[in-house]
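The values are calculated or read from the model by the stated rules, or taken from the named source; none is laboratory data. Quantities reported herein were computed from a predicted structural model and do not represent experimental measurements. Please note: Cβ atoms are built from the backbone with ideal geometry, for glycine as well, and neighbour counts cover all protein chains shown.
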Amino acid sequence: MNAILDFNNGYDEGYGVGYELGVQFAVTGVDKSVDPVKDDTSEDIISLGFATYSVEALDYAAYPEDTGLLYSVLGLCSEAGEVADKVKKHVRDGGDYDKLRMGIQKELGDILWYCAAVAREYELNFATIPIVNLEKLASRKDRGVINGSGDDR
């Protein structure tokens, strides 16, 4: 699958920084019989920026406002555990790899939702999180400290 990063894709007024990280995926889209990961021959392009995603996804939030941070962090941990559990069971039992992949994809979507919720609770611009992460990784690589441990290496 081809991914195109577009760092100047709109403005999200509600979250501080005036740009949005847009991610475009070449997919075969609505034809569910075609696997968009294995077959990237379609000319259809779906573009959804992280800021747009966070606003739209959080419309589905259904938890008491006073528990938002705790609920979101626990949900994030829980969904990461579900990914690990699916992989663990596949290692133990084997099975249909494509079914595993689709299950992982769904769980990663849930993780993305909880990441957006945690970002909102801390009043972070969700669109800047991938940018900051890529900048951090590039800095580590440039300084030769991509391996190792510690947040501030």
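Among the residues examined, THR28 qualifies as surrounded by 17 or more Cβ atoms within 10 Å (Cβ to Cβ), modelled with pLDDT under 50 and either touching a His at 6+ places or on another chain (Cβ under 8 Å) or not in a strand (DSSP E or B) (or both). Apart from one condition, ALA127 fits all of (1) of a type in the set (A, V, I, L, M); (2) touching a residue at least 60 places away in the same chain (Cβ under 8 Å); (3) farther than 28 Å from THR52 by Cα; the exception is (3).
Restricting VAL83, VAL87, VAL118 to those that are among the β-branched types (Val, Ile, Thr), touching an Asp or Glu at 6+ places or on another chain (Cβ under 9 Å) and modelled with pLDDT of 95 or more reduces the list to VAL83. Just for the range 99-121: of the residues that are basic (Lys, Arg) and touching a residue at least 40 places away in the same chain (Cβ under 8 Å), which one is surrounded by the fewest Cβ atoms within 10 Å (Cβ to Cβ)? Among residues in the range 99-121 that are basic (Lys, Arg) and touching a residue at least 40 places away in the same chain (Cβ under 8 Å), the one surrounded by the fewest Cβ atoms within 10 Å (Cβ to Cβ) is ARG101.
Filtering the range 89-121 to residues that are acidic (Asp, Glu) and in a helix (DSSP H, G or I) leaves ASP93, ASP98, GLU107, ASP110, GLU121.
Summed over the range 59-80, residues that are within 13 Å of ALA116 (Cα to Cα) and exposed (fewer than 15 other Cβ atoms within 10 Å of the Cβ) total 5. THR41 meets each of the listed conditions (1) of a type in the set (S, T, N, Q); (2) at pLDDT 95 or above; (3) part of a loop (DSSP other than H, G, I, E, B) apart from (2).
When restricted to residues that are in a helix (DSSP H, G or I) and either loosely packed, with under 11 Cβ neighbours inside 10 Å or not β-branched (Val, Ile, Thr) (or both), the range 122-153 contains 12.
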